[in-house]
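The values are calculated or read from the model by the stated rules, or taken from the named source; none is laboratory data. Note that the coordinates shown come from a computational prediction; the quantities given were computed from them, not determined experimentally. We place every Cβ from the backbone using ideal geometry, glycine too, and count neighbours over all the protein chains shown. Just so you know, the surface numbers come from the protein's heavy atoms only, side chains and all, with ligands and any DNA or RNA stripped out. Shrake-Rupley method; radii C 1.70, N 1.55, O 1.52, S 1.80 Å.
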Amino acid sequence: MSGTAPALALEDITCRFAARDGGEGYTAVANTTLTVAAGEFVSVVGPTGCGKSTLLNIAAGLLAPSHGRVSVFGTPLTAADGVNRRAGYMFQADALMPWRTGIDNVVAGLEFRGVPRAEAVPRGQEWLRRVGLAGFGDRYPHQMSGGMRKRLALAQTLILSPDILLMDEPFSALDVQTRQLMENELLALWSEDRKSVLFITHDLEEAIALSDRVIVLSAGPGTRPIGDFKVELPRPRDVSEIRMTPGFLALHREIWAAMKEEVLKAYERQKAA
């Protein structure tokens, strides 16, 4: 893809937060550059509290950097643009509306964009089928399991056909078995049209199993990338099976060697706080 602008580029990003008492403030991210190519699945890992979600919010246009710039397919994303309209955002917590049924949650984005309900509902039903929820469109979120709600949120995001998918630890609250099912579901859907994905996780195994590249961040404050690892494991992948392969284990050892010191730094800082 030589000569092609990346789907998402964060260039020399610094993000500072002012202190409430007028003090020095806090620099969450400093001088960070990362890119996601068109069709690439990139995961970002790092210690707890290192600013992973801050970077994702900047990529989404929900937070303006103090310095640096964001580009989407070569076009700068500015404060005047507001949110990144070529991206879909899947949050860690459910972003479902509890008063709306499953089908009404899925089609909400289409209806907000002015798509007639007669057109939106069949498209929503097709997406419910694709995420394994055919027949559950009349249920409310509280009537669904955690895994079902995540499937619903995935359909809600993908029905809008975003060019970039931003995911903030979307499966972290699920049990191990359901989590692996959802990871495989995500890979199956992603493989159909290869959207660009920026995936935030604290789970190194998850990052390797899903991704084309894994970016490692340092401990905060002033988080920055300290490693960029290419994942050359064959696709399609089953996330439970791929974790047992020699290539996966070797890459896990290599990335953990880069992460370990930063994780320990973050742990000691939290203990001292």
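If you go through the stretch 1-52, how many residues are touching a residue at least 24 places away in the same chain (Cβ under 8 Å), assigned to a strand (DSSP E or B) and farther than 25 Å from Gly88 by Cβ? Outline the logic, then answer.
Start the filter on the stretch 1-52 by keeping residues that are touching a residue at least 24 places away in the same chain (Cβ under 8 Å), which leaves 1, 4-16, 26-52.
When the remaining residues are screened for being assigned to a strand (DSSP E or B), the result is 8-16, 26-36, 41-45.
Still in the running and farther than 25 Å from Gly88 by Cβ: 12, 14, 16, 26-27, 30-31.
Residues flagged as touching a residue at least 24 places away in the same chain (Cβ under 8 Å), assigned to a strand (DSSP E or B) and farther than 25 Å from Gly88 by Cβ within the stretch 1-52 amount to 7.
Give the residues of the stretch 160-176 that are surrounded by 20 or more Cβ atoms within 10 Å (Cβ to Cβ) and hydrophobic (A, V, I, L, M, F, W, C), sorted by residue number.
Hits for the stretch 160-176 are Ile164, Leu165, Leu166, Met167, Phe171.
For the stretch 130-159, name all the residues that are of a type in the set (A, V, I, L, M) and surrounded by 15 or more Cβ atoms within 10 Å (Cβ to Cβ). Outline the logic, then answer.
Here is the first cut: in the stretch 130-159, the residues of a type in the set (A, V, I, L, M) are 131, 133-134, 144, 148, 152-155, 158-159.
Once the filter is applied, which keeps residues that are of a type in the set (A, V, I, L, M) and surrounded by 15 or more Cβ atoms within 10 Å (Cβ to Cβ), the stretch 130-159 yields Val131, Leu133, Met144, Met148, Leu152, Ala153, Leu154, Ala155, Leu158, Ile159.
Those residues that are open to solvent by 10 Å² or more (accessible area, probe 1.4 Å), touching a helix residue (DSSP H, G or I) at 6+ places or on another chain (Cβ under 9 Å) and outside any loop (DSSP other than H, G, I, E, B), I need them from the stretch 196-225; list them, please.
Listed by number, the residues that qualify are Leu204, Glu205.
Can Val263 be described as crowded, with 19+ Cβ neighbours inside 10 Å and farther than 24 Å from Ile159 by Cα? Even if it seems obvious, please write down each step before you answer.
Numbers: crowded, with 19+ Cβ neighbours inside 10 Å: no; farther than 24 Å from Ile159 by Cα: yes.
No.
Could you tell me whether Glu192 is open to solvent by 50 Å² or more (accessible area, probe 1.4 Å), modelled with pLDDT under 95 and in a helix (DSSP H, G or I)?
Numbers: open to solvent by 50 Å² or more (accessible area, probe 1.4 Å): yes; modelled with pLDDT under 95: yes; in a helix (DSSP H, G or I): yes.
Yes: the conditions hold for Glu192.
Could you look through the stretch 74-114, keep only residues that are at pLDDT 95 or above, open to solvent by 20 Å² or more (accessible area, probe 1.4 Å) and assigned to a helix (DSSP H, G or I), and pick out the one that is nearest to Ala134 (Cα to Cα)?
Ile103
Can you name every residue in the stretch 226-257 that is open to solvent by 30 Å² or more (accessible area, probe 1.4 Å) and among the small types (Gly, Ala, Ser)?
Ser240, Gly247, Ala250, Ala257
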